[in-house]
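In what follows, a single structure is set out as structure tokens and then discussed.
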Amino acid sequence: MADMDMTGAEMVIRALVDQGVEVLFGYPGGAVLPIYDALFNQDKLRHILVRHEQGAAHAAEGYARSSGKPGVLLVTSGPGATNTITGLTDALMDSIPLVCLTGQVATHLIGTDAFQECDTVGITRSCTKHNVLVKDVNDLAQALHEAFYVATHGRPGPVVVDIPKDVQFQIGRYVGPANIAPRSYRPQVKGDLGRIQQAAEMIRDAKRPVIYSGGGVINSGPAASQLLRDLARLTGFPVTSTLMGLGAFPASDSNWLGMLGMHGTYEANMVMHEADLILNIGARFDDRVTGRLDLFAPHAKKIHIDIDPSSINKTVRVDLGIVGDVGHVLEDLIKVWKAKQYRTQTKDLESWWAQIDQWRGRECLRYRASDTIIKPQYALQRLFELTRDRDAVITTEVGQHQMWAAQYLGFEKPNRWLTSGGLGTMGYGLPAAIGAQLAHPGKLVIDVAGEASILMNIQELSTAVQYRLPVKVFILNNQYMGMVRQWQELLHGGRYSESYSEALPDFVKLAEAYHAKGMRATKPQELDDMIIEMISSDQPVIFDCVVDKTENCFPMIPSGKGHHEMILGPEEDPVEISDEGRMMV
Amino acid sequence: MFGTKEPIARHTITVLVNNEAGVLARVIGLFSGRGYNIESLTVAEIDASSHTSRITVVTSGTAHVIDQIKAQLARLVPVQKVRDLTVDGPAVERELALVKVRGGGDKRVEALRLSEAFRAHVIDTTHESFVFELTGSPEKLDAFVELMRGLGLVEVARTGVAAITRGPAAL
């Protein structure tokens, strides 16, 4: 029964089931009605009805990132497809495996400006890893299986399969997923052994080394995170990570330096600046990480392990590039290290660590405490303390709250931190939390949000209520688009053009209007009890945490500056930003 | 950091792709989306049984940009092979041009004389016009078109470059 005849719509369901899909996020419409009809007659796939197709895409991302499995969404043609664009682009930038099925008008109507027609493959070509319009029902099963292969192999990413309505009705031959791989797409997963040998020698000889790890470690799977820990243990090297890589290395480990980059820790950035060897494992020298490129890591030899050959030497020239899956490469690297019985430069490392401890002594995450007003940093410290034994999954929106969350919440394990890194999508966190909660029904899932971001996809609260998903939305409400305000303060003379959140809703009443639970804290003294109440609730909760309106996110590498030129806090003299720096985002 | 003062060189890159809908748009979109130059681009199916097409792109950039172009092309799903003929050469490059020249008298005679010197073929003629077909390197075609400019040149059509490595080795 491996091969059989069925309608295109039935093939879609069958292919998803054969691919091991359990949950799909979607929104019905004219061009996908046959598929929704096929969904109606089965009980293997669980369909989650979102309230906006962008929500479906982010929910699928949250599901994927927290489970390691591909996220799947199903939307109609035209506006259904165009509404997914932000989510697809987000998944492309952050390397999240998604399969997005879009309905299309019937093949004979394509190109006629039919109702709800758009050129979906044309529009999504540059925001997907791959896409395909299926015009023949007999190609459909193969296209669907290939979509899963491409989404999950090599550097993961989103794939769109556009299915015209007549193809959904037609009867064709279904083929199963066995032995399906596109003939031209075979990503390299094993690293070159000669280069790995070279890397081991560079690690052996390093005097001021650092491991700079990224989202690739998490994408490679839990084994890669373990290997990263093993490598840090074997070498005693300090470890920092990008925003995307948080959780791959435990925040409680003594070798952990905290996140690096624009809002990374002082010690992490100073280590990068002074290092003589940077071992980049599955990160991509993003501009948030490097700061000004001609000042970046001037003394360091650089090794870069990445599964995407185009990432190597893209913005930063490296001394040794190793193409491969970080899990495989780390495994081989450790094997070589042990077989050759290499030892690190113990004496040099000791003085390196002494230097690092001095930088740590600056306590860059210290802030001015208050007992009358809730400082956003304090709110997150309390949230962290009160949830640290719960192995919570944290999502975020984008802005100051996101950076504070990255700084003040410690992550011990991979797949617990879901945030929009590359694209910086406000409105990501709530739908992503819904996706994560569906992947982990028993877990505590919290969206750390800002009052501006949350309004971008607030409609998904209705989805959470419908499916009894007890996600918690913890809003750091400072009545400003805080990061915009911060940049306007630093770069535009304090002219707060359109960054004040005027006419905000009453978030408690808003929650209640959606049949969720609403809470508000305004004083530091009431925070603990209310956080405990929030996390013990079995309902979706919106927690309106009213915080200091003017707090800025520090430390910070200002635009156009290098890692060694961080501002540690508001008490420092204002920095001169060059015109060149002002041009950067 | 990559210096902006690196020399810019012209490279001829050959790409074998699955001949499927949208593959050319994917390649062109990659160049425009990432800000790479296209000096010329040709594409045609070269093997119907395996649905394989060959795209030849002539582009220019620093060594770093050329490496990026090749890596970005190679990661497109329908791309089977990417070869830089400028690096992997030596290679031969040919382009075909159709050149229409209008006029009479001495200029007409001179155009015909020059076309023979360039080994162009006359593939259409009237009492007042010629269409020349000319194959060669892009530089040869440039030179011919330049010469025709004073002799009644009215229209040019060029195919862009097709290229292949010299010697017995195949792609």
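The values are calculated or read from the model by the stated rules, or taken from the named source; none is laboratory data. Not measured: the values here are computed from a predicted model. Cβ sites come from the backbone with ideal geometry, for glycine too, and all protein chains shown count toward neighbours. Areas reflect the complete protein model, heavy atoms only, side chains present, ligands, DNA and RNA absent. Shrake-Rupley method; radii C 1.70, N 1.55, O 1.52, S 1.80 Å.
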Check: How many residues are within 10 Å of another protein chain (Cβ to nearest Cβ) and surrounded by 14 or more Cβ atoms within 10 Å (Cβ to Cβ) when one looks only at segment B:29-50?
Finding: 2
Notebook entry, point to check: Would a scan of segment A:350-365 turn up a residue that is open to solvent by less than 70 Å² (accessible area, probe 1.4 Å), in a loop (DSSP other than H, G, I, E, B) and aliphatic (A, V, I, L, M)?
Noted result: yes
Check: If you check A:ALA297, A:ALA283, A:ALA248, which single one turns out to be among the aliphatic types (A, V, I, L, M) and at positive phi?
Finding: A:ALA297
Check: Only one of these conditions is not met by A:PRO158: (1) crowded, with 17+ Cβ neighbours inside 10 Å; (2) away from chain B (no Cβ under 13 Å). Which number is it?
Finding: (2)
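Is it true that some residue in segment B:8-17 is buried (at least 19 other Cβ atoms within 10 Å of the Cβ), facing chain A (nearest Cβ under 9 Å) and touching a residue at least 60 places away in the same chain (Cβ under 8 Å)?
The initial filter retains those residues of segment B:8-17 that are buried (at least 19 other Cβ atoms within 10 Å of the Cβ), namely B:11-17.
The next check asks that each one be facing chain A (nearest Cβ under 9 Å); those that pass are B:16-17.
The next check asks that each one be touching a residue at least 60 places away in the same chain (Cβ under 8 Å); those that pass are B:16-17.
The answer is yes; a qualifying residue exists.
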Next item on the list: For segment B:117-129, name all the residues that are surrounded by 11 or more Cβ atoms within 10 Å (Cβ to Cβ) and either over 24 Å from the mean Cα position of the chain (by Cα) or more than 16 Å from B:LEU96 (Cα to Cα) (or both).
Entry: B:THR125, B:GLU128, B:SER129
Next item on the list: State the number of residues belonging to segment A:479-502 that are in contact with a Pro (Cβ under 9 Å, 6 or more places away or on another chain) and under 23 Å from A:GLY410 (Cβ atoms).
Entry: 1
Next item on the list: Within segment A:279-320, work out how many residues are within 14 Å of another protein chain (Cβ to nearest Cβ), part of a strand (DSSP E or B) and either polar (S, T, N, Q) or touching a helix residue (DSSP H, G or I) at 6+ places or on another chain (Cβ under 8 Å) (or both).
Entry: 2
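Determine, yes or no, whether A:ILE535 is in a strand (DSSP E or B) and either open to solvent by less than 60 Å² (accessible area, probe 1.4 Å) or acidic (Asp, Glu) (or both).
On the way: in a strand (DSSP E or B): no; either open to solvent by less than 60 Å² (accessible area, probe 1.4 Å) or acidic (Asp, Glu) (or both): yes.
No.
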Check: Under the condition of being small (Gly, Ala, Ser) and within 12 Å of B:ARG158 (Cα to Cα), which residue from segment B:130-147 is surrounded by the most Cβ atoms within 10 Å (Cβ to Cβ)?
Finding: B:GLY136
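Please work out if A:ALA60 is touching a residue at least 12 places away in the same chain (Cβ under 8 Å) and under 25 Å from A:TYR467 (Cα atoms). So that I can check it myself, show each step before the final result.
Values: touching a residue at least 12 places away in the same chain (Cβ under 8 Å): yes; under 25 Å from A:TYR467 (Cα atoms): yes.
Answer is yes for this residue.
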Checklist line | Subset of segment A:509-529 (residues that are without any contact (Cβ under 8 Å) to a residue 40 or more places away in the chain, under 28 Å from the mean Cα position of the chain (by Cα) and in a helix (DSSP H, G or I)) | finding: none
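Matching residues to (1) in contact with a helix residue (DSSP H, G or I) (Cβ under 6 Å, 6 or more places away or on another chain); (2) at pLDDT 95 or above; (3) not assigned by TED's automatic domain parsing to the domain that holds B:LEU147:
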| residue | (1), (2), (3) |
| --- | --- |
| B:THR52 | no, yes, yes |
| B:VAL57 | no, yes, yes |
| B:SER60 | no, yes, yes |
| B:ASP67 | no, yes, yes |
| B:ALA74 | no, yes, yes |
| B:PRO78 | yes, yes, yes |
| B:GLU95 | yes, yes, no |
| B:LEU98 | no, yes, no |
| B:LEU112 | no, yes, no |
Margin query: From the list A:SER67, A:SER77, exactly one residue is away from every other protein chain (no Cβ under 14 Å), open to solvent by 30 Å² or more (accessible area, probe 1.4 Å) and either more than 27 Å from A:SER184 (Cβ to Cβ) or in contact with a strand residue (DSSP E or B) (Cβ under 8 Å, 6 or more places away or on another chain) (or both). Which is it?
Written below: A:SER67
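Per-residue answers, yes or no, for (1) out of contact with any Leu (no Cβ under 6 Å at 6 or more places or on another chain); (2) part of a strand (DSSP E or B); (3) at pLDDT 95 or above:
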residue: A:ALA2; (1), (2), (3): yes, no, no
residue: A:ILE13; (1), (2), (3): yes, no, yes
residue: A:LEU33; (1), (2), (3): yes, no, yes
residue: A:ALA38; (1), (2), (3): yes, no, yes
residue: A:ALA60; (1), (2), (3): no, no, yes
residue: A:THR86; (1), (2), (3): yes, no, yes
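With the condition being modelled with pLDDT of 95 or more, under 27 Å from the mean Cα position of the chain (by Cα) and within 15 Å of A:ASP325 (Cα to Cα), I'd like the helices (runs of 4 or more DSSP H) fully within segment A:150-257 carrying at least 1 qualifying residues.
Numbers: elements: A:165-169, A:193-205, A:215-220, A:222-235.
Qualifying helices (runs of 4 or more DSSP H): A:215-220, A:222-235.
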Notebook entry, point to check: Which of (1) surrounded by fewer than 21 Cβ atoms within 10 Å (Cβ to Cβ); (2) in contact (Cβ under 8 Å) with a residue 60 or more places away in the chain; (3) closer than 19 Å to A:GLN377 by Cβ is the odd one out, the single condition A:ASN478 does not satisfy?
Noted result: (1)
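Matching residues to (1) touching a residue at least 60 places away in the same chain (Cβ under 8 Å); (2) more than 21 Å from A:ARG362 (Cα to Cα); (3) touching an Asp or Glu at 6+ places or on another chain (Cβ under 8 Å); (4) buried (at least 16 other Cβ atoms within 10 Å of the Cβ):
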site	(1), (2), (3), (4)
A:ILE196	yes, yes, yes, yes
A:VAL210	yes, no, no, yes
A:SER220	yes, yes, yes, yes
A:SER252	yes, no, yes, no
A:LEU257	yes, no, yes, yes
A:GLY261	yes, no, yes, yes
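The rows are residues; the columns are (1) more than 20 Å from A:MET93 (Cβ to Cβ); (2) in contact (Cβ under 8 Å) with a residue 24 or more places away in the chain; (3) surrounded by fewer than 20 Cβ atoms within 10 Å (Cβ to Cβ).
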| site | (1), (2), (3) |
| --- | --- |
| A:GLY216 | no, yes, no |
| A:LEU228 | yes, yes, no |
| A:THR242 | no, yes, no |
| A:LEU246 | no, yes, no |
| A:TYR266 | yes, yes, no |
| A:PHE296 | yes, yes, no |
| A:LYS301 | yes, yes, yes |
| A:HIS304 | no, yes, no |
| A:THR315 | no, yes, yes |
Next item on the list: Name, by its number, the condition in (1) within 28 Å of A:VAL575 (Cβ to Cβ); (2) modelled with pLDDT under 95; (3) open to solvent by 30 Å² or more (accessible area, probe 1.4 Å) that does not hold for A:MET483.
Entry: (2)
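Return the residues of segment A:84-105 that are open to solvent by less than 50 Å² (accessible area, probe 1.4 Å) and more than 20 Å from A:HIS145 (Cα to Cα); say none if nothing qualifies.
Kept after step one, since they are open to solvent by less than 50 Å² (accessible area, probe 1.4 Å), are these residues of segment A:84-105: A:84-85, A:87-91, A:94-105.
Listed by number, the residues that qualify are A:THR84, A:ILE85, A:GLY87, A:THR89, A:ASP90, A:ASP94, A:VAL105.
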Note to self: Among the residues in segment A:559-569, are any more than 25 Å from the chain's Cα centre (by Cα), in contact (Cβ under 8 Å) with a residue 12 or more places away in the chain and assigned to a helix (DSSP H, G or I)?
What the structure shows: no
Note to self: If I ask for residues that are within 11 Å of chain B (Cβ to nearest Cβ) and either basic (Lys, Arg) or farther than 12 Å from A:ILE163 by Cα (or both), which ones from segment A:125-148 would you list?
What the structure shows: A:ARG125, A:SER126, A:CYS127, A:THR128, A:LYS129, A:HIS130, A:LYS135, A:GLU146, A:ALA147
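Only residues that are open to solvent by less than 50 Å² (accessible area, probe 1.4 Å) and part of a loop (DSSP other than H, G, I, E, B): list them for segment A:106-122, please.
Here is the first cut: in segment A:106-122, the residues open to solvent by less than 50 Å² (accessible area, probe 1.4 Å) are A:106-107, A:114, A:117-118, A:120-122.
Answer for segment A:106-122, where residues must be open to solvent by less than 50 Å² (accessible area, probe 1.4 Å) and part of a loop (DSSP other than H, G, I, E, B): A:ALA106, A:ALA114, A:GLU117, A:CYS118.
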